[in-house]
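Data block below; observations after.
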Amino acid sequence: METRDVLIIGSGPAGLTAAIYTARGNLRPLLIEGTDAGGQLMLTTLVENWPGHRDGIMGPDLMGEMRAQAQRFGTEIIQGHVTKVDLGRRPFVVRTAEHEYAARALIIATGASARLLGLPSERTLMGHGVSTCATCDGYFFRGLEIAVVGGGDSAMEEATFLTRFASKVTVIHRRDALRASKVMQDKARQNPKIAWMLNHEVDEIRDPGKGEVTSVVVRHVSTGAKTEIPVAGVFVAIGHTPNTGLFKDQLALDRNGYLVTHDGVKTSVEGVFACGDVQDHVYRQAVTAAGSGCMAALDAERYLESLPAHAESAAAAGLVEPRS
């Protein structure tokens, strides 16, 4: 089993940026894409807040460009799903269903998955009126009526933010009381653009046949009575689940399951770095994920240079200047 200098798990903006930087540093990174190759941007349409694209770029196109750029500099990309990691060994061991890999440094960029309602039309209309990110997509709904599903702080924050663009925001929550903190509730309730449908669940999002959101059908939890609300967009804000199952009992996690990092992107195990949404539950933006991917790559490079055997071999190969 060959030992690689750097192995990256995940292929969203964080993982691919880490790959670009480590490849340019002659570290021969190996990147394992995972089952959701490209991350959450593969579910979006036009991305208008990525710097350098004044007219925007389609999410899948952006990820395709980043992937090609990583490969251009020498990243080896494997289409596989990691089933197990062993961080108690040096080098670290990463397993997929077919192979086993070893790495001196590991960069984790497995992201977080938005919790969805589970409706058939939800996936079909994702990026076509259904969204999980108000900051990303709110601008597209200027002057239109939209709905936000959820009752926690994130839902209140998104509903309030979306009133900057939408003419009306209807908050749909399945309970008769919100879960959000009092300060967030008060702020939302004082906003004249926000309407409320408590004790209601989303029964259907229309209309997949037209390829766009035209309305949402809600059902009263107690009576079962259905109401159709004309909206142009539905923002699902019921939380995110970090993809950290592989690292339980091996790396420090916070109470919500996100990887705990310190001094930037360093985890609780030396030589293991985490970037992107797997450790960021605050910003959750493609550009911040990419930035942390850069940080992980540079920290991994510094870590490898601190290893005596690696520093000697790299200097002998002319890859790095010996440090005085």
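Can you tell me the alpha carbon radius of gyration of segment 120-236 divided by the globular rule-of-thumb value 2.2 N^0.38 Å? Present the calculation step by step, with values, prior to reporting the outcome.
Numbers: Rg = 13.1 Å, N = 117, 2.2 N^0.38 = 13.4 Å.
The reported ratio for this selection is 0.98.
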Cα centroid separation - segment 228-256 against segment 150-186, whole Å:
17 Å
Restricting to the chain, compute how many DSSP beta bridges are antiparallel as a %, nearest 5.
45 percent
Please report H262, H220 as a ranked list, fewest other C-beta atoms within 10 angstrom at the top and most at the bottom.
H262, H220
If we count other beta carbons within 10 Å of each Cβ, what is the order of T267, T35, T163, T3, fewest first?
T35, T3, T163, T267
Checked against the positive end of the charge dipole of the chain (+1 on Cβ of Lys and Arg, -1 on Cβ of Asp and Glu, about the Cα centre), the farthest of L62, Q190, A18 is Q190
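Given just the C-alpha atoms of segment 155-298, how large is their convex hull per residue in cubic angstrom? Walk me through the intermediate numbers first.
Working: hull volume 24.6 nm³, N = 144.
Roughly 171 Å³ of hull volume per residue.
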Test of understanding: express the Cα radius of gyration of the chain as a ratio to 2.2 N^0.38 Å, with N the residue count.
1.11
Taking only DSSP H segments of four or more residues, each worth -39500 (n - 2.57), what value at 222 nm results for the chain once the sum is divided by all its residues, to the nearest 500 deg cm²/dmol?
-7500 deg cm²/dmol
Low-density loop cleavage sites - chymotrypsin sites (Phe, Trp or Tyr not before Pro) in segment 1-107, where at most 16 other Cβ are within 10 Å (DSSP)
F73
Treat the count of other C-beta atoms within 10 Å as a stand-in for reagent exposure and order I238, I32, I146 from fewest to most.
I238, I32, I146
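Each reported figure results from applying straightforward, stated rules to the coordinates on display, with no laboratory input. Note that the coordinates shown come from a computational prediction; the quantities given were computed from them, not determined experimentally. Note: ideal-geometry Cβ built from the backbone for every residue, glycine included; neighbour counts use all protein chains shown.
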